[in-house]
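The structure appears right after this line, and notes come after that.
The values are calculated or read from the model by the stated rules, or taken from the named source; none is laboratory data. Only a predicted model underlies this, so the values are computations on that prediction, with no experimental measurement involved. Here the Cβ is made from the backbone with ideal geometry for all residues, glycine too, and neighbour counts use every protein chain on show.
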């Protein structure tokens, strides 16, 4: 609530008059989600818009299109904290969209208990993600997928690490590309490093150091399953998509 209050104050100071908060996986999955939303809206001058998984996928897709000149079909991948969204389409329409319960926070809490990461935990994490992808996205290979474009904190963080950014620079991150081989190299570094050492990696926000390993494994498994050798980073995401579609 404190964080929301601070954001509301910033918005009001900037002259905003119609303030909305987007609720995604964490609130969707909460047993008391209606109570959470009721309390937030009662305490603060804003409206909470809880997005379904499909809506979240759509918002991410249109957010990418807001600053990406798609020449053909592309697949949008949004690795969040609780879920990962997929959307395939072109400038005119979305052909396929899906949301899966395999986010960076969710997978970290479920599998990663050791510091540094235990090889058994890593194996179980990878196996679990592969099983989800194969069972839930088995129909996706029949679609033309084109290139891959990633949004969300995991992919932008990997971009910042690749570019060795001391300070995050949105303009440099946006539309940068990351190869699968580079992702594998970063995963190897994350796996060997203790959390304290991971926090000192250039480009890695210390508050994301605990979940970057699981998030990177999710991305690696997605790219391997669909045969992508690289992915384009978009810093324009579901926030811009929400503005475009609401």
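Observations on the structure shown:
- Within segment 112-123, considering residues that are touching a helix residue (DSSP H, G or I) at 6+ places or on another chain (Cβ under 7 Å) and without any contact (Cβ under 8 Å) to a residue 60 or more places away in the chain, the one surrounded by the fewest Cβ atoms within 10 Å (Cβ to Cβ): 113
- Filtered residues of segment 183-194 (kept if in contact (Cβ under 8 Å) with a residue 24 or more places away in the chain and loosely packed, with under 15 Cβ neighbours inside 10 Å): 184, 192, 194
- Scope segment 135-148; condition in a loop (DSSP other than H, G, I, E, B) and either out of contact with any helix residue (DSSP H, G or I) (no Cβ under 8 Å at 6 or more places or on another chain) or buried (at least 23 other Cβ atoms within 10 Å of the Cβ) (or both); matching residues: 138, 139, 143, 144, 146
- Tally of residues being in contact with a strand residue (DSSP E or B) (Cβ under 9 Å, 6 or more places away or on another chain) and surrounded by fewer than 19 Cβ atoms within 10 Å (Cβ to Cβ) across segment 213-227: 1
- Residue 146 under 30 Å from residue 71 (Cα atoms) and modelled with pLDDT under 95: yes
- Subset of segment 71-97 [in a loop (DSSP other than H, G, I, E, B) and either in contact (Cβ under 8 Å) with a residue 60 or more places away in the chain or touching a helix residue (DSSP H, G or I) at 6+ places or on another chain (Cβ under 8 Å) (or both)]: 72, 73, 80, 81, 82, 83, 91
- Some residue of segment 204-224 being more than 18 Å from the chain's Cα centre (by Cα), over 24 Å from residue 123 (Cβ atoms) and modelled with pLDDT of 95 or more: no
- Condition check for residue 109: free of Cβ contacts under 8 Å to residues at least 12 places away in the same chain and either assigned to a helix (DSSP H, G or I) or surrounded by fewer than 15 Cβ atoms within 10 Å (Cβ to Cβ) (or both): yes
- Remark: residue 126 matches the filter, which requires a residue to be in contact (Cβ under 8 Å) with a residue 60 or more places away in the chain and under 23 Å from residue 233 (Cα atoms).
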